[in-house]
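What follows is a set of notes on a single structure, which appears directly below.
All of the numbers you see were taken from the coordinates with simple rules; none came from a lab. Computed from a predicted model, the values in this text were never measured in an experiment. Don't worry about glycine lacking a Cβ; one is built from the backbone with ideal geometry, like all the others, and counts go over all protein chains shown.
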Amino acid sequence: MKRLFVLVILLFLTCGPEPIPDPEPALLILPDNLNACNTATRVNNLQRQVRFQWAAGLHTDSYELVVVNNLTGQKKTTSTSLISESLVLTSGAPYQWYVVSKSLLTEGTGKSTVWQFYLEGNPEESHFPFPAVLLQPENESIVELNNSNSYSFQWNGADLDGDIKTYDLYLGESVDNLIKEKEGLINNQTELQLNEKAKYFWQVISIDSEGNQSHSEIFQFQTF
């Protein structure tokens, strides 16, 4: 009898309900990544209505569209059950956007990749660079230094005018106290000497030939 009871318990545990899957990230479609958005509808001299579109993610009931003005840091969010949404944005500025997939059955979410675009205002004006995309070290990573206690930082920069002139790299042990470690960099990588078992934050500023600047995200990492 005791063995039968144990067998019933085991069967119950192994035949329980399947875990509820988290929503999968949506695949972004429009506006194109690292391009000018010149198909937006003109609202007035300063504003354009931009249509955003993405492909559906599995196990998803609704989406949160997030759009950030890279110049001002202003963020706009809107929720929808559809796979497209329109927002009125200030023209003549670079933006980044992404979509968060949500479900009524779980608290888990799925975040898409982050895309960037430039919303055209006056087509003759100089475009601000897109914020650099930090590659190495990755955010919240643990990195190994080389024999000289150095590490190679890498990033990608883009500008619709193709006139990025230089990059400045900032580094610090506090997010509120970043120090310019390298300036006037022409290439998108550089090597810095670091301390072992230390926590760092880093950021890259892109500067074009007109003096326009853009700030990347701030990533953190730890050495060992």
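Local charge for T78 was computed over the other residues whose Cβ lies under 15 Å away, with Lys and Arg +1 and Asp and Glu -1, and equals +2.
Taking a sphere under 14 Å around the Cβ of N35 and counting the other residues whose Cβ falls inside, with K and R at +1 and D and E at -1, yields a net charge of -4. Put simply, the C-alpha atoms of region 10-118 give a gyration tensor, and the ellipsoid matching it has half-axes of 35, 11, 11 Å, longest first.
Under 5 Å between amide hydrogens, built in the peptide plane, is the criterion, and for L145 it picks out F224 among residues at least 5 positions away or on other chains. Pairs of lysines in the chain whose Cα atoms sit within less than 29 Å of one another amount to 15, provided the residues are eight or more positions apart or on different chains.
Here the relative contact order of the chain, from alpha carbon pairs under 8 Å that lie six or more residues apart, stands at 18 percent. With the dipole of region 171-223 worked out from charges on the C-beta (+1 for Lys and Arg, -1 for Asp and Glu) around the Cα centre, which of I205, I179, N195 lies farthest toward the positive end? Value: N195.
Working note: Cα gyration tensor of the chain, eigenvalues times five, square-rooted, sorted largest first, giving semi-axes of 40, 31, 12 Å. Magnitude of the charge dipole for the chain, about its Cα centre and with charges confined to Cβ atoms of Lys, Arg (+1) and Asp, Glu (-1), is about 880 debye. In terms of surrounding Cβ atoms within a 10 Å radius of their Cβ, T39, T90, T60 rank from fewest to most as T39, T90, T60.
Between the residues G157, Q220, Y167, the greatest Cα displacement towards the positive end of the dipole of region 130-223, with unit charges on the Cβ of Lys, Arg, Asp and Glu, is found for Q220. For GluC sites (Glu not before Pro), the sites in region 69-155 that DSSP calls loop and that have at most 14 other Cβ atoms within 10 Å are E107, E124, E125, E138, E140, E144. Extension gain, N149-L192: 0.36 nm per intervening residue step, less the Cα-Cα distance, totals 14.6 nm.
With all projection directions averaged, the alpha carbon convex hull of region 75-141 covers 6.7 nm². Grab the other residues whose beta carbon is less than 15 angstrom from that of I186, score K and R as +1, D and E as -1, and report the net. Within the 15 Å Cβ shell, the charges total -4.
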